[in-house]
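Worksheet: the structure to be examined is printed underneath.
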Amino acid sequence: MFTTIRTLFLGAEARAEERVRKTYSIELIEQKIREAQQGLQAAKAGLASLIQRQRSEEKQITLLQGRVTDLTGRAKAALEGGREALATEAAEAIAEMENELALRRETVLRLEARVMRLRRTVETTNRRIIDLKQGAIAARAVRQEQTIQTRIQTTLSGRSPISEAEELIAEVLNRDDPYEQAEILEDIDRGLTKADLGERMAAEGFGKPVKMTATEVLNRLKSDQ
């Protein structure tokens, strides 16, 4: 029983996490990019420190090589001058500096290898972050389009403002004309009272028209002149 409940709980938690990821996917992408940029900055700082150490070692090597060259010349002069003890002391110092030079050269080689590896890592990370930023721009555009499409679908479906407006327009266009209706009612009333009987008979050619036309008025005005 406990195992079943735990499985159901884990499933519900996974679904909730998936919903959160979908809802805040753009925000999560931007946060991951910021974290990647922070990692890149740390890597660049580490690279700068390694390069600085490498340059410092190279400077020390140059100084030691100068001292070895100088002391070698002096040791030769001491030997030529019969100062063998002084030349021996110089030789011991030269040997110590040569050993130190060997160690520093090995250090420089190791630093060079680390610098090359870290530089490649920084360059690769930088390219990937650029790609991520472009991907984030595309993702934001897709999300914006999805939001607009959702709003449009909501507007077009169900009792949307568009459908309501279309219904109102159809209702107005299909509404009966009150003036036409009044004229029809008047004709009906005249028919019931036989008031239009004379007009109808005149229209059939029986007798003069009850209503005078504009042509008859003009003819009468002409005859009066």
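The values are calculated or read from the model by the stated rules, or taken from the named source; none is laboratory data. Fair warning: this is a prediction, and the values are worked out from it, not measured in the lab. Note that each Cβ is placed from the backbone with ideal geometry, even for glycine, and that neighbours are counted across all protein chains shown. Heads up: the accessible areas ignore ligands, DNA and RNA and are worked out on the full protein's heavy atoms, side chains in. Shrake-Rupley method; radii C 1.70, N 1.55, O 1.52, S 1.80 Å.
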- Message: I'd like to know if the stretch 34-45 contains one or more residues that are more than 30 Å from Ala139 (Cβ to Cβ), assigned to a helix (DSSP H, G or I) and open to solvent by less than 60 Å² (accessible area, probe 1.4 Å).
- Response: no
- Only one of Glu145, Glu112, Glu84 is of a type outside the set (A, V, I, L, M, F, W, C) and modelled with pLDDT of 90 or more, namely Glu112
